[in-house]
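For reference, the structure is listed below as structure tokens.
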Amino acid sequence: MKRLDGHILTPHGFVAGSIEFDEGRVRRIEGSPIAIEAVRGSSQPKVLPGFIDLHVHGGGGRDIMEGGDAAARVAELHAGHGTTSLLATTMTAPMGDLETAFAGLKTACASRGARASRILGVHLEGPYINAGKLGAQPNYARPFNAGELKRLNDMAPIRLITVAPEVPGNMEAVGTLVAAGYRVQIGHTLGTYEDGVEALARGAGGFTHLFNAMTALHHREPGMVGAALAHATYSEIIPDLLHAHPGAIRVALRSIPCLYCVTDSTAAAGMPDGQYRLGRHRVTKCLGGVRLADGTLAGSTLTMDQALRNLVDELGLDLPDASRRVSTHAADYLGINDRGRLATGAWADAVVLDRDLKLTDVYVEGVSIDLPHAR
């Protein structure tokens, strides 16, 4: 039995008390309610649900598309920044490249390293996207192919699929995929506002990195951004303050109830400036960003602990709201009710933070990953 004392964030707010873990689960939370204002300025440890990232391409110098042990190493890097579970995210690529990645993901999804995040499955970001809105995706976009998808899912579990609904055949595929149990979201799209509304009506659940690689909002042509702001309950956003201006993030926060954060992190996350792999691309990390040779943003170097601090320190969210956006909403979006919250019976995934919201410990399924800087 492991016990942590401090200010514990429960689904009903903070309590000053203790939380106990046993056999990977939360067994007990005890304490007295405490006001949010008293929590932030206190020197007491802050215990929050572990972070959940549904869009991870890489980290620590490794790229998911490499296959082999790359995903396991990526999961270790992100665990060190408080991410206790994630979706390994693939790039638009030829089928052979995807099979290489999925062969490695089969093992990584089935078992977890001692100092790693739990990989919940795969986010297939493409290839069913619009070739005219690739962003940093390699140019291997193609219409939905059911046989291809089945072959990949037989190798490793696909939980989330990004599609451009305006591509011929893709709109019809949305309902089929949702009925089969996949989460479908809209991204890398030149679709109209009307395309977005129809895709949502057919069961699409959200949007991939809101504002990025989609048709923008104009007052006479609301575009896919307009469809998201007017109709979405869930959407990803990258809060590195490079992919979206803080003002745009504030608009999304007021419009989309369960807006949640992703890193869209690349192999460059946690690494010095230099060149790294992103699928078939070579990308450069410099000045805090990752870009293609032409200057296009190509994923990020963001980690979820920094995302939390950005939400609180730069955007002014209170800590419970920020926590939901780096944890609970993502779990709810995937239909997972035993992660993303500290409650009796839930997985004991937790982060421990100091007064400055810096990590002092991370627990994945009840076990500390032993942060090197905290030794």
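The values are calculated or read from the model by the stated rules, or taken from the named source; none is laboratory data. Note that the structure is predicted; figures quoted are calculated from it, not measured. Please note: Cβ atoms are built from the backbone with ideal geometry, for glycine as well, and neighbour counts cover all protein chains shown.
Look at the stretch 257-277 and say how many of its residues are under 20 Å from PRO239 (Cβ atoms) and in a strand (DSSP E or B).
Total meeting the criteria: 5.
Picking from ASP321, ASP305, which residue would you name as being in the same structural domain as HIS245 (by TED's automatic domain parsing), surrounded by fewer than 17 Cβ atoms within 10 Å (Cβ to Cβ) and either touching a residue at least 40 places away in the same chain (Cβ under 8 Å) or not in a strand (DSSP E or B) (or both)?
Being in the same structural domain as HIS245 (by TED's automatic domain parsing), surrounded by fewer than 17 Cβ atoms within 10 Å (Cβ to Cβ) and either touching a residue at least 40 places away in the same chain (Cβ under 8 Å) or not in a strand (DSSP E or B) (or both) holds for just one of ASP321, ASP305, which is ASP321.
Quick one: in the stretch 355-372, of everything that is surrounded by 13 or more Cβ atoms within 10 Å (Cβ to Cβ) and of a type in the set (Asp, Glu), which residue is farthest from ARG28 (Cα to Cα)?
Applying the filter and picking the extreme gives ASP361.
Kindly indicate whether any position in the stretch 17-40 is outside the structural domain of ASP361 (by TED's automatic domain parsing), in a helix (DSSP H, G or I) and in contact with a helix residue (DSSP H, G or I) (Cβ under 7 Å, 6 or more places away or on another chain).
no
Go through (1) at pLDDT below 95; (2) out of contact with any Ser or Thr (no Cβ under 7 Å at 6 or more places or on another chain) one by one and return the number of the condition ALA103 breaks.
The one condition ALA103 does not meet is (1).
So is PRO11 of a type outside the set (Gly, Ala, Ser), within 22 Å of VAL367 (Cα to Cα), surrounded by fewer than 15 Cβ atoms within 10 Å (Cβ to Cβ) and not assigned by TED's automatic domain parsing to the domain that holds GLY82 or not?
Details: of a type outside the set (Gly, Ala, Ser): yes; within 22 Å of VAL367 (Cα to Cα): yes; surrounded by fewer than 15 Cβ atoms within 10 Å (Cβ to Cβ): yes; not assigned by TED's automatic domain parsing to the domain that holds GLY82: yes.
Here the answer is yes, as PRO11 does meet what is asked.
Within the stretch 42-64, which residues are of a type outside the set (Asp, Glu) and farther than 27 Å from ALA16 by Cα?
Across the stretch 42-64, the qualifying residues are LEU54, HIS55, VAL56, HIS57, GLY58, GLY59, GLY60, GLY61, ARG62, ILE64.
How many residues, within the stretch 195-210, are farther than 16 Å from ILE129 by Cβ and in contact (Cβ under 8 Å) with a residue 12 or more places away in the chain?
6
Whether any residue in the stretch 243-251 is in the same structural domain as ARG324 (by TED's automatic domain parsing), surrounded by fewer than 18 Cβ atoms within 10 Å (Cβ to Cβ) and on the phi > 0 side of the Ramachandran plot is what I want to check.
Scanning the stretch 243-251, I find no residue that is in the same structural domain as ARG324 (by TED's automatic domain parsing), surrounded by fewer than 18 Cβ atoms within 10 Å (Cβ to Cβ) and on the phi > 0 side of the Ramachandran plot, so the answer is no.
Residue by residue, here is whether (1) farther than 16 Å from SER235 by Cβ; (2) among the acidic types (Asp, Glu); (3) in contact with a strand residue (DSSP E or B) (Cβ under 7 Å, 6 or more places away or on another chain) holds:
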| site | (1), (2), (3) |
| --- | --- |
| MET155 | yes, no, no |
| ILE158 | yes, no, yes |
| VAL163 | no, no, yes |
| LEU177 | yes, no, yes |
| TYR182 | yes, no, yes |
| GLY187 | no, no, yes |
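Could you count how many residues in the stretch 50-92 are assigned to a helix (DSSP H, G or I), surrounded by fewer than 24 Cβ atoms within 10 Å (Cβ to Cβ) and either touching a Cys at 6+ places or on another chain (Cβ under 8 Å) or not aliphatic (A, V, I, L, M) (or both)?
Applying the first criterion (assigned to a helix (DSSP H, G or I)) to the stretch 50-92 yields 64-66, 70-79.
Then drop every residue that is not surrounded by fewer than 24 Cβ atoms within 10 Å (Cβ to Cβ), which leaves 66, 72-73, 76.
With the extra rule that they be either touching a Cys at 6+ places or on another chain (Cβ under 8 Å) or not aliphatic (A, V, I, L, M) (or both), the set shrinks to 66, 73, 76.
Qualifying residue count for the region: 3.
Just the residues that are loosely packed, with under 14 Cβ neighbours inside 10 Å, acidic (Asp, Glu) and free of Cβ contacts under 8 Å to residues at least 40 places away in the same chain, please, taken from the stretch 14-49.
Matches in the stretch 14-49: GLU30, GLU37.
When the residues of the stretch 266-276 are narrowed to those that are surrounded by 17 or more Cβ atoms within 10 Å (Cβ to Cβ) and out of contact with any helix residue (DSSP H, G or I) (no Cβ under 7 Å at 6 or more places or on another chain), which ends up nearest to ASP321 (Cα to Cα)?
To start, the set of residues in the stretch 266-276 that are surrounded by 17 or more Cβ atoms within 10 Å (Cβ to Cβ) comprises 266-271, 276.
Now restrict to residues that are out of contact with any helix residue (DSSP H, G or I) (no Cβ under 7 Å at 6 or more places or on another chain): 266-268, 271, 276.
Working: THR266: 26, ALA267: 29, ALA268: 28, MET271: 29, TYR276: 34 Å.
If we take residues in the stretch 266-276 being surrounded by 17 or more Cβ atoms within 10 Å (Cβ to Cβ) and out of contact with any helix residue (DSSP H, G or I) (no Cβ under 7 Å at 6 or more places or on another chain), then THR266 is nearest to ASP321 (Cα to Cα).
Go through the stretch 252-276 and count every residue that is in contact with a strand residue (DSSP E or B) (Cβ under 6 Å, 6 or more places away or on another chain), closer than 25 Å to THR328 by Cβ and either of a type in the set (D, E, K, R) or not assigned by TED's automatic domain parsing to the domain that holds ASP321 (or both).
Selection size over the stretch 252-276: 1.
Report yes if HIS243 is in contact with a His (Cβ under 8 Å, 6 or more places away or on another chain) and either assigned to a helix (DSSP H, G or I) or modelled with pLDDT of 95 or more (or both), otherwise no.
yes
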